Each structure stands twice: as C-alpha cells, then as structure tokens.
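Contents: one structure, followed by commentary.
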Amino acid sequence: MSDPRLASLSAALPDLRLKTEAAELEFYGRDWTRRWTPAPLAIALPGTLAEVQAVMAWAHANDIAVVPSGGRTGLSGGAVAARGELVLSLERMNKVIDFDRVDRLMTVQAGMALEAVHNAAAEHGLIYPVDFAARGSCSIGGNIATNAGGIRVIRYGNTREWIAGLTVVTASGELLQLNRGLVKNSSGYDLRQLMIASEGTLGVIVEATLKLTDPPPPTNVMLLALPSFDVLMEVFAAFRERLQLEAFEFFTDLAIKHTTAHGAVNPFAEVYPYYVVTEYAAGDEVAEAAAMAAFEFCAEQGWVLDGVISASVEQAQQIWRLREGITEAVARYTPYKNDVAVRISRMPAFLARCQELIGGAYPHFEVVWFGHIGDGNLHINVLKPEGMGQDEFVAQCEQVTKLLAQVLTEFDGSISAEHGIGLVKKAYLGSTRGAVEIAMMQAVKRALDPKGLLNPGKVFDA
Ligand code: 2HG
Ligand code: ZN
C-alpha cells in the first residue's frame, strides 16, 4: 500500500477494493479533458451502499478529499483528481435495483452506463429518453451530477426532468433519501434538485430513481445542407412548426470533414457549408407529408440546398454518425471547448456575435462549430495546431473565452450549457451567475460539506 494513510482504510474495510498502481491512478484520475496530470491518492471501488458510507466516513475523519467518479467522459475537468484526492469510483455499482410498472419508475445504481439504462428500460417497453454520444461509457450518476443534456433535450428536457428520487451519501457518510419517487412533494426545499448539476461537490449520488416514458412513434432522420449560418433558425422554425421534433442538431463543413475522415459517410456528393440533422415523428402519411412540406418550403426560400431522408434504421444511424462522431473525430487535436447557451430566441444575434468574435480571434486556428441549436446550445471546438504547445494554445484560447464570457453576460447566457463548470470554466462562472448567487452557492457548499472535502476546487473555490 503506497500511502500510509490507506492502511487505516483497509483495516476498517478489509473487503473494499482499492487500486494504487500507477497506471490505475492515471486511468481513474482523468476525464476526457486530458488537461491535468492525474495524481490521486488511490482509487476506492465500493460494491455496496454501506461501503460508500464507510469510505466517506473514513475520508471525513481523516480529512481526505474525495472525487466521486463515474464514466469520466466529462469535458470540464469535474472528475479530475490531480491533487492527491481519493477517487471514489461507482463503476462496480451498476445494477438495476427496482422497476415499478404502475409508477413507471426504475431505480438504478449510479455506476450504470447510460446505454445499459436505455436497454433496461426497453426490457419493460419504455424509454429513459436522455441520450447522447457518450451513452456507452458515461454513467447515470455522472449524468445526474452534471444535469447532462444531449441530442433529445428539445423533446424531453435535461436529465433534471427525469429524476424522481436520489440516494446520496453525504460528505460525512450519512445517508439521504431524496424525494423517494414522489410525483408531488411540496414539503420544503428540494435537495434532490440541489444535488443535480452539483458536480459531486455536495454529496455522492449512489442510486437514482428514474422516470420512464412511452417510446416515441417511429421516426425518420433527415440530413439537410444549408448555405449559411443566417438561415439556420429559419429552418428550425419551419421544421418545428410542421413536425414533432425529436432532435435538431447542426454542424459545419469542417465538422463533416473530420467525421468522414473518421469513418462516417457523407451521403451528398458535394460539400456544403452547414448541415442539420433532424429526427422527427414519422409514423404515418400525414407526418411524412409534413416533413416533405417543411423541406420544400425551406428549399423554395433558398434556406436548404439539399436533403436526404433515412430509408432504414442503418441509414438513420449513418446520418447520426456525422453529428455524434464529432467529439471523437476531433479528439486527437486536443480541442479547446466552449459549450455555451442563450435563450433560443436570441440565438441568431448571438451566433452572429460569436462568429464575428471567434472568426476574428482565431484566423490561424481551425474552429469546429456544432450543437443543439434547437436548445440554444452551441459547441465551439478550437483545434490545437500541430506543433503548438498545449499551454500556449490554452492561454490563447482563454483570452478569447474571456471575451466570449462578456458576450454571454450581455446575452444573459450560460458559459456551460451541459458539460458543467468543473475546473475548465471555473474562472468564468461569474459571467453566468451573479456575485450574490455565487456567495449563496458557496454557503450551501459549506453547509453540506463543512470540511470542503467533496470534489474540492470544482465549480468554485469554497
Ligand atoms: C455533443 O453534443 C457533446 O456532442 C460534446 O456535448 C460536445 O465535444 C463537444 O464539444
Ligand atoms: Zn452537446
């Protein structure tokens, strides 16, 4: 055992799985940001709720900081352990605990992968509708800790909407049962909602009771080619007026260049400047006709240049790969990411300002634009040029993010739409939240974690 402090943990919990090998510390100490050098004290992998409580009680008694850990697919450094923290991985706690057909609720352990949650819901003929590309690797606990969004928010909302109850272990190892699956509960503060998006700074989410719903009617996927950024919101409005949208996503020619280089197939013979992937209910002739009408209307206006409708599930998946594959396709350029949001109605003006700012600031960098345009959520990935040092690159990008943060304040937007603040956006929290609000959040943190041991330094410095 490398660190003498761990001896007392092993003595107290002889059955606890603990990892201390260098490769394991490296693996569990980082997330997808790859910006910080992992340096955890050790990795604890509890198998039961009681073990999680005991680990937290031990950490509390010994003043050891703890980083709760799921699939570590986060993009904001929220799950990074670079300062000698104990990583508390929930990966072994990955089972369905309960399903109730009348309540339409499924209780799962936090370490379950999102895709496994989807599959478990499907076994009961229902869906858990939150979905995004990292579904195979991310964990439901991490989704809740960041209030994950994704590609179906336009139809179903964020993770927050789908959580009917949480079991949480506090900083000192006590157990909280929050909301217990109730639909109605006006009995004071909703601590369940406080835990959602708290990024592991207020408690360790160990179990979650998820709401399930009916599967959507059959859907089709349409890929559209657009001539310019300016018509994007017009196309969105035209489609939303005529169709029940399940998703409405946008990306650029640069994005498609990278995803096709990574194995995705572009069904168009030409390369166009902008693209939309939309999925919509298409169960009958009326819906099919509405989809065609939306397309033809946009084509007549000159807002779309070309389009393809999926004719099979495989083709729908192929189209989705063009959008969902972007993060993976650009990962080798260690992108600097911004994940910003404004009200949907302000999107056109905001996009114009962003294009002006980003286009002017990075003429020497490749910038990949994409996002959940129907949610007012834009992803901006600046790709690190080959040969440029990581620190120099990040320093240049941070200068522009400062300006972007000012624009966001002007637009009443958010510096993080769905990825969280973590370490990456900590310096910009003030662009989105007022000073009084941040002081109150810090007070909440102190009340729930007086020793400041839960994921310290993430979101803000307490
Ligand atoms: C997505 O929408 C994810 O695909 C990742 O939120 C975004 O890589 C990104 O910047
Ligand atoms: Zn996204």
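The values are calculated or read from the model by the stated rules, or taken from the named source; none is laboratory data. Fair warning: this is a prediction, and the values are worked out from it, not measured in the lab. FYI the Cβ positions are ideal-geometry reconstructions off the backbone, even for glycines, and counts take in every protein chain you see. Calculation scope for accessible area: heavy atoms of the full protein, side chains included, ligands and nucleic acids excluded. Shrake-Rupley method; radii C 1.70, N 1.55, O 1.52, S 1.80 Å.
Values computed for the structure shown
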quantity	calculated
Residue tally, condition assigned to a loop (DSSP other than H, G, I, E, B) and under 18 Å from residue 93 (Cβ atoms), over region 1-47	5
Condition check for residue 30: in contact with a helix residue (DSSP H, G or I) (Cβ under 8 Å, 6 or more places away or on another chain) and of a type in the set (Lys, Arg)	no
Of all residues in region 250-273 being in contact with a Phe, Trp or Tyr (Cβ under 7 Å, 6 or more places away or on another chain) and open to solvent by less than 40 Å² (accessible area, probe 1.4 Å), the one that is farthest from residue 339 (Cα to Cα)	256
Check on residue 67, over 25 Å from the mean Cα position of the chain (by Cα) and open to solvent by less than 30 Å² (accessible area, probe 1.4 Å)	no
Any hit, region 148-161, residues being more than 25 Å from residue 31 (Cα to Cα) and away from ligand 1 (no atom under 16 Å from the Cβ)	yes
Residue 180 being open to solvent by 40 Å² or more (accessible area, probe 1.4 Å) and more than 16 Å from ligand 2 (Cβ to nearest atom)	yes
Scan of region 298-322 for residues that are among the hydroxyl-bearing types (Ser, Thr, Tyr) and open to solvent by 40 Å² or more (accessible area, probe 1.4 Å), ordered by number	312
Qualifying residues in region 109-128 (those that are surrounded by fewer than 20 Cβ atoms within 10 Å (Cβ to Cβ) and out of contact with any Lys or Arg (no Cβ under 8 Å at 6 or more places or on another chain)) - the one farthest from residue 73 (Cα to Cα)	125
Meets criteria (β-branched (Val, Ile, Thr), closer than 30 Å to residue 136 by Cβ, within 14 Å of ligand 1 (Cβ to nearest atom) and assigned to a helix (DSSP H, G or I)) for residue 368	no
Any hit, region 212-224, residues being within 20 Å of residue 71 (Cβ to Cβ) and surrounded by 24 or more Cβ atoms within 10 Å (Cβ to Cβ)	no
Scope region 410-448; condition aliphatic (A, V, I, L, M), in contact (Cβ under 8 Å) with a residue 60 or more places away in the chain and out of contact with any strand residue (DSSP E or B) (no Cβ under 7 Å at 6 or more places or on another chain); matching residues	421, 423, 424, 444, 448
Within region 73-108, tally of residues that are in contact with a helix residue (DSSP H, G or I) (Cβ under 7 Å, 6 or more places away or on another chain), over 21 Å from residue 19 (Cβ atoms) and open to solvent by 30 Å² or more (accessible area, probe 1.4 Å)	1
Region 323-337: number of residues that are farther than 17 Å from residue 257 by Cβ and open to solvent by less than 10 Å² (accessible area, probe 1.4 Å)	1
Cβ-Cβ under 6 Å pairs, at least 6 apart or on other chains, region 156-174 side in the same structural domain as residue 118 (by TED's automatic domain parsing), far side aromatic (Phe, Trp, Tyr) and assigned to a strand (DSSP E or B)	none
Residue selected from region 292-313 under the condition of a type in the set (Gly, Ala, Ser) and in contact with a strand residue (DSSP E or B) (Cβ under 6 Å, 6 or more places away or on another chain), by the criterion farthest from residue 250 (Cα to Cα)	310
Inter-residue pairs, beta-carbon under 6 Å, first over 18 Å from residue 19 (Cβ atoms) and in region 47-66, second hydroxyl-bearing (Ser, Thr, Tyr) and assigned to a loop (DSSP other than H, G, I, E, B), 6+ apart	60/172
Residue in region 135-155 that is most open to solvent (accessible area, probe 1.4 Å), counting only those that are touching a residue at least 24 places away in the same chain (Cβ under 8 Å) and away from ligand 2 (no atom under 13 Å from the Cβ)	155
Residue in region 241-262 that is more than 28 Å from the chain's Cα centre (by Cα) and modelled with pLDDT of 95 or more present	yes
Test: residue in region 158-177 that is closer than 22 Å to residue 317 by Cβ and within 16 Å of ligand 2 (Cβ to nearest atom)	no
Count of residues meeting criterion [touching a residue at least 60 places away in the same chain (Cβ under 8 Å), away from ligand 2 (no atom under 16 Å from the Cβ) and open to solvent by less than 10 Å² (accessible area, probe 1.4 Å)] in region 370-394	0
Whichever residue in region 395-426 is charged (D, E, K, R) and assigned to a loop (DSSP other than H, G, I, E, B) and, among such residues, is most open to solvent (accessible area, probe 1.4 Å)	412
Subset of region 376-394 (residues that are touching a helix residue (DSSP H, G or I) at 6+ places or on another chain (Cβ under 6 Å), not in a loop (DSSP other than H, G, I, E, B) and not aliphatic (A, V, I, L, M))	381
Residue count for region 296-330, restricted to those that are without any contact (Cβ under 8 Å) to a residue 60 or more places away in the chain and in a helix (DSSP H, G or I)	8
Residue in region 306-321 that is within 16 Å of ligand 2 (Cβ to nearest atom) and in the same structural domain as residue 224 (by TED's automatic domain parsing) present	yes
